[in-house]
Structure formats: structure tokens, C-alpha cells
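Below is one structure, written out as C-alpha cells; comments come after it.
None of the figures in this text is laboratory data; all of them are computed from the coordinates on show. This one's a predicted model, so the numbers in the text were calculated from it and none came from an experiment. Note that each Cβ is placed from the backbone with ideal geometry, even for glycine, and that neighbours are counted across all protein chains shown.
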Amino acid sequence: MSKQYDIVVMGAGHNGLVAACYLAKAGKKVLVVERNKWAGGGVVTQELTVPGFRHDQHSISHVCLAANPMMTDDELGLLGKFDLNYNFLDIPSITLFPDGTHLCLYKDVDKTCESIAQFSQRDAETYRKHATFGKKVVPMFLQGMYSPPAPMGAFLSMLDQSQEGRDLFQMMTRSPLDILNYMYESDKVKIHFMKPVAQLLQMPDDMGTGLCMLMIPGLMHTYGIPKPVGGSGRLTDALIRCFEHYGGEVVMESQVDKVVTKHGRAVGLRTQDGQLHTAKDAVLAAIHPKRLDRFIDGLDEDLLRRANRVKSSPFNILTAHYAINEKAKFFAGDVVTKASATEYATTMNFKEFVDQFEPLRRGEVIREKLMFSGADQSHHDPSRAPPGKGVMLTQAFVPYFLKDGGPQRWDDYKEEVADMILDGMRPFISNFTAENIIARTVDSPLDHERHSPNSFVDGDEHGLGTYFFQGGSNRPIPELSNYTVPGVSGLYLCGPFMHPSGGVFGGGRATAIKMFQDLGLDFQKVVDQDRVKLTRTTGFEKKAPPVEAAPPEVSAAPVAAAAVQTAQAAAAEHDVVLYGGDGEPMISISSLEAGEAGLLINGRIYGTVPLRATLKPADLRRSLGLLSWGLIPFLIKLLFKR
Ligand SMILES: Cc1cc2nc3c(=O)[nH]c(=O)nc-3n(C[C@H](O)[C@H](O)[C@H](O)COP(=O)(O)OP(=O)(O)OC[C@H]3O[C@@H](n4cnc5c(N)ncnc54)[C@H](O)[C@@H]3O)c2cc1C
């Protein structure tokens with residue numbers, strides 16, 4: 001028998017669950033249908049090897065979530081009410097070199113510069129400026145990450161308003177290799193910064209991926225690395241608790257095979273066993289653009305053609321999870337155990353390092369050119385393994401399409417590649433020996449795709465490549481970027497292939513905002529209701545963006561930091577602020593001046609990018625025209641509203 005809901009959701013990935021929680025909190029009757037035995041999709045912690053050892057099967061760290069108002073304002077009560085706790089690690093990444101040296105990226109800029117200065121004083125000085133610029137622009141980008149994307153045209157013209165914006169455009173459209181080569185001189189420093197970029201599944205020379213060169217330092221020096229205590233899946237557990245608290249229902253091991261439509265409107269989901277879950281208001285589904293035609297009948301051929309043209313990431317990841325008897329011990333010392341991500345360089349020559357990406361383009365895995373990373377998660381979180389024991393995760397970049405045998409060959413080949421990673425790591429870890437290993441589970445890109453076949457298409461953990469041409473309101477393609485599907489009303493999309501991107505962003509919030517708008521619900525009002533006051537520090541507290549005039553390290557000095565806060569408060573009091581649909585400050589106007597050409601407007605866009613615009617006489621007349629007589633009583637009332 002089918003049951004009627006207000007909203008039905010295909011997929012209990014974190015994005016679907018996030019959207020479902022907001023909708024359930026708004027009082028909607030919501031059902032989530034999930035094909036796996038586990039909820040969370042790529043946000044899951046399971047006993048993959050032997051009982052008592054808890055492994056993050058896909059995502060590990062939640063850095064993309066760090067500035068999401070869902071966390072910073074605890075909009076869903078995940079932290080205050082539903083028992084979610086995070087560790088914030090102060091060493092986001094460390095690179096170990098074959099000569100025994102290492103380089104650390106600390107949350108602290110000074111310490112990072114000290115680490116770089118071991119290899120190049122000049123690079124340390126360059127990095128200080130680089131990190132400061134990154135910290136400055138990150139708030140602007142983050143503003144737009146957790147709500148529907150701004151139109152690309154408006155975004156580009158905003159960048160074109162200032163030198164800073166034009167510099168940003170340059171970085172966004174160039175390649176990481178380009179940027180590293182013109183900024184830095186030391187090969188070790190370049191390798192150290194290229195490795196985290198590659199973790200985003202980007203080739204060093206991919207044009208239109210350079211933004212990460214700013215976002216990574218900006219995020220790391222503002223937030224560090226958040227990891228849920230108990231494993232990545234704790235986020236999913238908290239979302240499920242929240243969802244059920246607000247009356248939501250989840251059905252597991254039930255595979256959706258069709259979005260049911262009636263007269264061009266989505267009215268429900270049909271599962272493989274023939275059940276129909278009907279929805280009065282809307283259907284939300286985690287469907288990759290390349291899979292739309294499998295789930296929805298009658299879509300426009302042109303739309304499907306454009307959706308099929310999206311570009312996947314150029315390579316993927318193979319993961320091997322180990323239960324180990326004794327925690328991992330590193331030749332480089334205990335500093336490694338404090339780092340979130342540990343990268344292993346097998347060469348100290350940057351050209352050779354860049355050449356290691358070449359086999360990936362050809363669908364090959366070459367032992368001598370394998371690039372790998374890995375850490376024992378129990379070092380930061382003892383709850384993950386029995387006392388004294390460890391959970392080691394190792395990863396390597398690999399192609400999805402193998403030159404010999406295609407993706408299907410992975411089932412026979414994955415153990416061999418996992419052994420190659422193990423051999424590669426042994427010179428860095430003293431006890432990664434056969435005797436210390438209790439059990440291992442290996443997942444190839446093909447396995448990742450099997451775990452979430454409508455997100456991780458072609459084994460791509462980001463759903464799609466994170467290229468400039470398919471970012472923001474072009475993600476996945478302009479026609480689908482508004483979370484809706486042309487030709488089918490009442491159908492909404494979420495997933496790593498949508499804005500903001502692949503990763504644990506809590507991007508379902510943006511889809512929820514769009515659905516709230518269409519359903520005539522007040523997002524802010526719903527978010528504000530039933531709030532619990534947090535009585536503990538969570539690490540997610542809102543971070544003030546650095547102020548331009550202040551020296552780079554100002555936030556470290558309490559007196560200077562207080563001055564910054566005072567300046568910001570004063571600015572906030574005197575500026576006229578225009579808010580976006582989600583109540584986020586978008587444009588602040590600090591002064592209006594008489595100019596030769598018209599009225600000069602000075603301020604900031606998204607808190608950081610300078611705005612200096614002229615309102616010309618003809619446009620002023622047009623503005624007055626927009627302000628029809630009918631609005632005058634409303635404006636008078638607005639003046640006196642508190
Ligand atoms: C190996 C690996 C490592 C990663 N590491 C990180 C990391 O450290 N940090 C980070 O931020 N990100 C990481 N990611 C990426 C991150 O996991 C994903 O971007 C994220 O999980 C996407 O979330 P989602 O909810 O949109 O989609 P998914 O997590 O893919 O969830 C989609 C859900 O829909 C379900 N579903 C699909 N089809 C159907 C159907 N027909 N019927 C019913 N249910 C269906 C799936 O089973 C799944 O549960 C990693 C990914 C992988 C694979």
C-alpha cells in the first residue's frame with residue numbers, strides 16, 4: 001500500500017538528509033528512500049575489517065562544512081541537541097620526503113612559514129602573502145557556498161570591479177601548476193602544495209582549477225580540519241536523529257527506479273519492488289546529470305545531450321582500510337600522528353613529481369609513479385579502535401578506466417594495487433609490517449561507484465570535475481543549476497554534482513532554500529524556531545574575516561583582534577546592507593558621494609570585494625521610476641519597523 005507524504009527523497013546521502021531535515025523541521029511530512037543497508041552514502045563509518053575497528057569508508061574530514069550556517073549557527077541542532085562533536089586538527093597536512101625531511105601545513109600561518117623556511121626563505125615570505133590573500137577571499141566564496149549560486153554573469157562582473165577581483169579571476173582560470181611555478185622556487189614546497197590540490201582530483205595543469213590554490217590555505221588557516229569524533233558517519237547519525245525528531249521517516253534497502261510524473265509534475269517515487277511513495281508538494285532526488293534519463297521519462301532531448309556532456313574528474317581514488325595491532329609509528333616522528341592528512345612524496349624533484357600524473361591520463365597504474373597518502377585515524381580519535389590498536393587508511397590516485405580491461409578489471413586488480421601502496425609506505429612507517437596487520441579491505445573506484453551509483457558516476461567522488469566551466473551557476477550545466485529539472489515541476493536535485501560541489505559541504509541546505517522559496521516557506525523563521533543555546537565551544541563558531549588594513553597575523557594578537565572586531569561592529573552599524581534570499585549580507589554600502597558623473601557608491605560585495613559604482617543621472621531617474629507611488633506607504637511603514 002502506498003502512503004502519501006508532502007515530500008519524498010531519493011537517497012539518504014548527507015545532502016539528501018540535510019535538505020530533508022530542514023523540510024521536516026518546517027513541519028513537512030517527509031520520507032527518505034535509500035537503496036543501501038547504510039545511510040549517509042559517502043559519509044559513513046563502518047566496521048569494514050574486523051569488529052571493533054571503525055573505518056571511514058569514503059569521506060574522512062569535513063573541511064567544506066566548516067563555514068556552513070547549518071554548523072556555525074547550529075540551525076538543525078546537530079551539535080546542541082543531536083550529539084555531534086568535532087575535533088579540529090591544527091595540522092591539516094604533512095608531506096614526508098624520502099630523505100627523512102618533512103613539511104607541515106599548520107593552521108597557524110607563522111608556523112607554516114617556519115616549516116617552509118627550512119627549504120626556502122623566499123618561499124616562506126611569498127607564502128605569508130599567499131595565505132593572507134587566501135584568508136581574505138575565503139569568506140566571499142563561502143558566503144555563496146551554502147545557498148543557491150549567484151548567476152555567473154553577475155559574479156564575473158563583480159570580479160571585474162576591482163584589481164583584487166581581477167587577480168582572483170586570473171587564479172580561478174589558470175592551473176595550479178602555473179600558479180605554483182610562478183610563485184615558488186623550492187621543489188619540496190611545490191610538491192607539498194600540489195598534493196592537497198591533487199586530492200581534489202585535479203591534474204596539475206588543468207586550466208580553470210586554480211581557485212583551490214587560494215581556497216586551501218584560506219580554509220586551513222581559518223578553520224583547520226574538522227573531523228567528527230567517532231568518524232565521518234557520526235554526521236549522518238546526527239542527521240538521522242534530527243530528521244526522526246521532526247517526524248521524518250527513512251526506508252532502507254529500497255531502490256528507486258523511477259520518478260513518477262503526472263501532467264509534467266513530479267508526484268512520487270517508484271521503487272524496484274513496485275511500491276509507490278507519493279508526494280503532495282515535491283520530490284527531491286540524488287540523480288547525476290548523466291543518469292537523468294534512467295529515472296525520468298520524457299525529458300527534452302537537447303537537455304539530456306547537454307547533461308551528458310558534463311566532464312568527470314580526470315582520475316579517482318583507491319582506498320585500503322587496515323585494522324592494525326599496534327598504532328602506526330612514523331620514522332619522521334610523532335608530529336605525523338598529529339596531522340590530519342599525511343602525504344608521501346617518492347621524489348624530491350617537482351618535474352618528476354608532476355610526471356607521476358601522466359600514467360593516470362593513459363589509464364595506467366605504474367608502481368614507481370604511484371602517488372599515495374594515508375594516516376592512522378586512531379591517533380586523533382581513540383574511539384575508532386580497541387585500546388592501543390589502530391585503523392589505518394591508505395589511498396592512491398588511480399584511473400577509473402584501466403587501459404587494459406576497463407573499469408571491470410578493478411575487481412581482480414585492486415588487491416595488487418593496495419600492495420603497491422603498502423610497499424611504498426613501508427620506508428616511512430616502521431611498523432606497517434605483515435605481523436602488525438590484522439585485516440584489510442580494499443575499495444576501487446568501481447566499488448565507490450557501486451556504493452553510490454547515481455553520484456559517484458565513473459567512480460568520481462566529486463560527481464563531476466571541479467572545473468571553472470562547470471562551477472557555480474554552471475554546475476552541472478546552467479539549465480540544472482537551480483536544483484530543478486526543466487520540463488518537470490516539483491522535482492529538485494541534490495548531490496556532489498550540484499553547486500557547491502563534491503565533498504561534505506552540507507550542500508543540501510542550498511537545495512532546501514530553493515524548495516522553501518518555491519513552497520512559500522520562510523527559511524529563516526524555520527531555522528530560528530526550536531533553537532537550543534550551545535553551552536560549549538564547538539570549533540564551528542563564526543570566524544571574522546580578516547580586515548584589509550590590519551597586518552596579516554592580527555587575529556593572533558588579542559589587542560589587535562579586539563580592534564578588528566570593534567571596526568567591524570562600527571562598519572556593520574553604519575553601513576547599509578542588502579541581504580540575499582537566505583538573509584546573508586551581500587552588498588554593504590558605506591558611503592554615497594557626489595561625483596562628476598553621478599552618485600558615487602562605495603562599499604563591499606560579499607564582505608570583501610570592494611564596490612565603487614556610479615549611479616548616473618538616467619539610472620537615478622529610472623530608479624525613481626521603479627519606486628512606484630504604490631510603494632511609498634510601504635516605505636514609510638518600513639522606516640519605523642524595528
Ligand atoms: C573514497 C572517497 C573519499 C572521500 N573523501 C572525502 C573527504 O575526506 N572529505 C570530503 O569532504 N568529501 C570526501 N569525499 C566526497 C564525499 O563523500 C561526497 O562528495 C559526498 O558523500 C556526496 O554526498 P551526497 O549526499 O551528495 O551523495 P552520496 O553520498 O553519494 O549519497 C547519495 C545517496 O543516494 C543513494 N541512492 C542512489 N541511487 C539510489 C536509488 N536509486 N534509490 C535509493 N537510493 C539511492 C545512495 O545509496 C547514497 O546513499 C570522498 C568520497 C570518496 C568516494
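Across the range 377-389, rounded Karplus estimates of 3J(HN,Hα) from the backbone phi angles (6.51 cos²θ - 1.76 cosθ + 1.60, θ = phi - 60°) give 5, 6, 5, 8, 9, x, 5, 7, 8, x, x, x, 8 Hz, Gly and Pro being marked x. When peptides 289-301, 517-529 are ranked by their average number of other Cβ atoms within 10 Å per residue, the highest-first order is 289-301, 517-529.
Note that the range 452-469 has calculated 3J(HN,Hα) couplings of 8, x, 10, 10, 8, 5, 6, x, 7, 5, 9, x, 8, x, 9, 8, 4, 6 Hz, one per residue in order, obtained from phi through the Karplus relation 6.51 cos²θ - 1.76 cosθ + 1.60 (θ = phi - 60°); glycine and proline are x. Once you place label points 7 Å from the Cα toward the Cβ at Arg450 and Gln121, how far apart are they in nm? Each label point is offset 7 Å from its Cα along the Cβ direction, giving 5.7 nm. Which FRET efficiency, nearest 0.05, do Glu253 and Ser489 yield, Cβ-Cβ r, R0 30 Å? That pair, Glu253 with Ser489, gives E of 0.50.
Our summary gives the chain a relative contact order of 21 percent, counting only alpha carbon pairs under 8 angstrom and 6 or more residues apart. Stretching the chain fully between Arg265 and Arg536 yields a gain of 93.0 nm (0.36 nm per residue, less the alpha carbon separation). What net charge do the residues around Ser455 carry, taking every other residue with its C-beta under 10 Å from that of Ser455, with Lys and Arg at +1 and Asp and Glu at -1? Neighbour charge sum, excluding Ser455 itself: -2. Here the label points at Gln408 and Asp205, each 7 Å from Cα along the C-beta direction, are separated by 3.4 nm in the simple model.
In this structure the amide hydrogen of Ala67, modeled in the peptide plane, comes within under 5 Å of no amide hydrogen from residues 5 or more places off or on another chain. Averaged over residues, the count of other Cβ atoms within 10 Å places the peptides 354-365, 430-441 in the sequence 354-365, 430-441, highest first. For a modelled paramagnetic label at Val577, 7 Å from Cα along Cα-to-Cβ, the residues of the range 143-171 in reach, with backbone nitrogen under 14 Å, are 143. The alpha-carbon of Lys414 sits under 22 angstrom from the alpha-carbons of these lysines, leaving out residues fewer than 8 places away in its chain: Lys369, Lys403. Under a 5 Å amide H cut-off, with hydrogens placed 1.01 Å from N, Ile287 pairs with Cys494 among residues at least 5 apart or on other chains.
What number comes out for the charge environment of Gly41, summing +1 per Lys or Arg and -1 per Asp or Glu over other residues with Cβ under 11 Å away? So the environment of Gly41 carries a net charge of -1. Of all aspartates and glutamates in the structure, those lying under 16 Å Cα to Cα from Lys290, and not within fewer than 8 positions of it along the same chain, are Asp257, Asp300, Glu301, Asp302, Glu449, Asp458, Asp460, Glu461, Glu479.
Relative to the current alpha-carbon distance between Glu416 and Gln529, full extension at 0.36 nm per residue lengthens the span by 35.3 nm.
Amide H contacts of Gly13 (H built 1.01 Å from N, in plane; Pro and chain starts excluded): Gly40 sit under 5 Å, all sequence-distant by 5 or more or on other chains. The modelled label-to-label distance between Ile589 and Phe169, using points 7 Å beyond Cα along the C-beta direction, is 2.5 nm. Residue by residue through the range 194-207, which ³J(HN,Hα) values in whole Hz follow from phi under the Karplus form 6.51 cos²θ - 1.76 cosθ + 1.60 (θ = phi - 60°), with glycine and proline marked x? Whole-Hz 3J(HN,Hα) from phi for the range 194-207: 6, 4, x, 5, 5, 4, 7, 6, 10, 6, x, 9, 5, 5.
Annotation: extensible slack from Ile636 through Gln275 equals 124.4 nm (criterion: 0.36 nm per residue apart, minus Cα-Cα distance).
Per-residue ellipticity at 222 nm, computed for the chain from helices alone with -39500 (n - 2.57) per DSSP H run of at least four residues, works out to -9500 deg cm²/dmol. Report the calculated FRET efficiency for Asn308 and Asn602 (r = Cβ-Cβ distance, R0 = 45 Å), to the nearest 0.05. Calculated value: 0.45. Relative protection proxy for 419-425, 347-353, from highest mean packing down: 419-425, 347-353 (other beta-carbon atoms within 10 angstrom).
Say the dipole of the range 139-262 comes from +1 at the beta carbon of Lys and Arg and -1 at that of Asp and Glu; which of Tyr146, Met207, Phe243 then lies farthest toward its positive end? Of the candidates, Phe243 comes out farthest on the positive side.
With 18 Å as the limit, the listed pairs Lys3/Lys525; Lys136/Lys195; Lys107/Lys543 have Lys3/Lys525; Lys136/Lys195 beyond it between alpha carbons.
Each residue of the chain gets 176 Å³ once the volume of the Cα convex hull is shared out per residue.
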